[in-house]
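Single-structure report; data block below.
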Amino acid sequence: RLNVEETKVDEDIYLQLPFPESNVIMVDTRDKYLNFLNELETSSDPIIGLDAEFMCSRGEQNLSLLQISLTEKVFLLDWELLPPLLEHSDYISLRDKLFIENKFLIVGFGIVADVKLLSKSFKQFEDISKKCTRIRDLECVKTSLMALLRVQTSSVRGLSGVCKAVLGKPLSKAEQIGDWTKRPLRQAQLVYAALDAWVCIEIYRTLRELAVSKKLEKKFMEIVHKELKRA
């Protein structure tokens, strides 16, 4: 268990969630799932962060967790426990509200692969890759955008490096190789998973604001749309 001094060091070095950990909600029952769908439907947030955790078994990637972040709350959909609890209409509601209605701009790091994994995991989601037109993958555009905006890159790799370059601090990756199939998940895993989704909103928003301030928003959007088509 970390003592106060160790926790303070982590806060100084690594990026932290800007809201209480109680706003990280594990969705592992049908009631919680339906409550989540209601919050999704009523949310006025323009951007959603998306990420997935999975485990490999016999060469197959199996979805364990889907993280969906609003600005001040993150929902962790537990795909180890939810499938036998949900009805067909529950899957369709998630598909429509999150992907088909195109109400939200959905951002993530490696999100194209995450969406493809989701589409392969459940038949109700098999068409989301083709029908969702508002996905932005930061992994695809990071090099072009940071060059355009003259953001100094970090020697740290992956999403953590982008965080350090754009937001000033890297992500802690202590939980990166954790077992996502074990239940209950540890609090450190929940926070790690939530951060990976939430931080993508903040990175995209910060880069776009920088583009606006430098009068480069048109070029910014051209880069984002070009890479989306390639994906």
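Limited to the range 142-165, what total is found for residues that are at pLDDT below 95, among the β-branched types (V, I, T) and either touching a strand residue (DSSP E or B) at 6+ places or on another chain (Cβ under 7 Å) or open to solvent by less than 70 Å² (accessible area, probe 1.4 Å) (or both)?
Qualifying residue count for the region: 1.
Could you tell me whether T133 is of a type in the set (V, I, T) and without any contact (Cβ under 8 Å) to a residue 12 or more places away in the chain?
So T133 does not fit the description; no.
Run C132 past the list (1) buried (at least 16 other Cβ atoms within 10 Å of the Cβ); (2) more than 23 Å from H225 (Cβ to Cβ) and report the number of the one that doesn't hold.
Of the numbered conditions (1) buried (at least 16 other Cβ atoms within 10 Å of the Cβ); (2) more than 23 Å from H225 (Cβ to Cβ), the odd one out for C132 is (2).
Considering only residues that are in contact with a strand residue (DSSP E or B) (Cβ under 9 Å, 6 or more places away or on another chain), open to solvent by 60 Å² or more (accessible area, probe 1.4 Å) and in a loop (DSSP other than H, G, I, E, B), look in the range 45-80 and name the one that is nearest to L185 (Cα to Cα).
The qualifying residue nearest to L185 (Cα to Cα) is E80.
Restricting the search to the range 192-219, which residues are under 21 Å from the mean Cα position of the chain (by Cα), surrounded by 17 or more Cβ atoms within 10 Å (Cβ to Cβ) and not charged (D, E, K, R)?
Y192, A193, A194, L195, A197, W198, V199, C200, I201, I203, Y204, L207
Of all residues in the range 86-124, which are of a type in the set (A, V, I, L, M, F, W, C), over 17 Å from L40 (Cα atoms), open to solvent by less than 40 Å² (accessible area, probe 1.4 Å) and part of a helix (DSSP H, G or I)?
Passing the criteria: I111, V112, V115, L117, L118.
Go through S155, S144, S213 for me and flag whichever is free of Cβ contacts under 8 Å to residues at least 12 places away in the same chain, polar (S, T, N, Q) and closer than 21 Å to L105 by Cβ.
On inspection, the qualifying residue turns out to be S213.
The values are calculated or read from the model by the stated rules, or taken from the named source; none is laboratory data. Model, not experiment: these values are computed from the prediction. We place every Cβ from the backbone using ideal geometry, glycine too, and count neighbours over all the protein chains shown. Just so you know, the surface numbers come from the protein's heavy atoms only, side chains and all, with ligands and any DNA or RNA stripped out. Shrake-Rupley method; radii C 1.70, N 1.55, O 1.52, S 1.80 Å.
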